[in-house]
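Here the structure is laid out as structure tokens; the discussion comes afterwards.
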Amino acid sequence: MTEVRPSPKLVELLRGTGPLLALTGAGVSAESGLATFRGPGGLWEGRDPTELATPQAFRDDPLTVWRFYAWRRAQAAAATPNRAHETLAALERSRGEMLLVTQNVDGLHERCGSRQVVRLHGSLWRLRCTAEGRELDDLRTDLGELPPYCDCGALLRPGVVWFGEALPEDAIEAGVRAARQAALVLVVGTSSLVYPAAELPRIAAAAGGYVVEVNPETTPLSAVADERFAGPAGEVLPALLEAAGLSSEASS
């Protein structure tokens, strides 16, 4: 079990009512058994996922790309939110003014009860018409015959951000606003290598926010963070809330 000893400053901020920003990455989902793109077990049928998650791959072979994403949807549907997801949902309920910005596309935060969620990389559970650009939610684990088509007759694509594509401007703007206002920033399970997401904690720090990193591995943010906890998010986050006298349970 990871030893967690938050400073009095962090305990005060966790108990407080000031704006809070949580930034989560693939490490949180990995604790629910979902493979990361670049980590061990990240291959799909011997293929590098980073070569499939591109606009060019979809243009060249939409069926193979859709088979990959159908597999990812099935994996996400079978996964269970972990204690990190539960704790962040509980923290949102306890203080209200909190934004969760995630790089994950699996929907586990939402399934666990988080409501104020900004998805920087989109969602596996949204489909986008390649002709009209409109998006729709589709929570089915089986999409039927692949690749799927829109009612207008055009191909549908996953509603995610692929390599080489820009992140949604509204999502970035929401994250930057929250970073500038946040009294406390929790950076959980992210490598802090991928920009512009990696810039958000630095924006917060420059504006006077207190930055806390939770990650088993050292990252480029580690030297910048006000406090760092080297352990699994599913252990560290509940322990932080309990140290502050707060509930870490997913439901009240």
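Pick out the one residue from LEU184, LEU143 that is closer than 27 Å to GLU227 by Cβ and either free of Cβ contacts under 8 Å to residues at least 60 places away in the same chain or surrounded by 15 or more Cβ atoms within 10 Å (Cβ to Cβ) (or both).
Result of the check over LEU184, LEU143: LEU184.
So which of ARG95, ARG83, ARG119 ends up being farther than 20 Å from GLU165 by Cα, at pLDDT 95 or above and either within 11 Å of the chain's Cα centre (by Cα) or not aromatic (Phe, Trp, Tyr) (or both)?
Result of the check over ARG95, ARG83, ARG119: ARG83.
Taking only region 203-245 into account, find how many residues are under 16 Å from LEU184 (Cα atoms), buried (at least 18 other Cβ atoms within 10 Å of the Cβ) and out of contact with any strand residue (DSSP E or B) (no Cβ under 7 Å at 6 or more places or on another chain).
Final tally of qualifying residues: 4.
The values are calculated or read from the model by the stated rules, or taken from the named source; none is laboratory data. Predicted model only: the values in this text are computed from it and were never measured. Neighbour counts run over all protein chains shown; Cβ positions are idealised from the backbone, glycine included.
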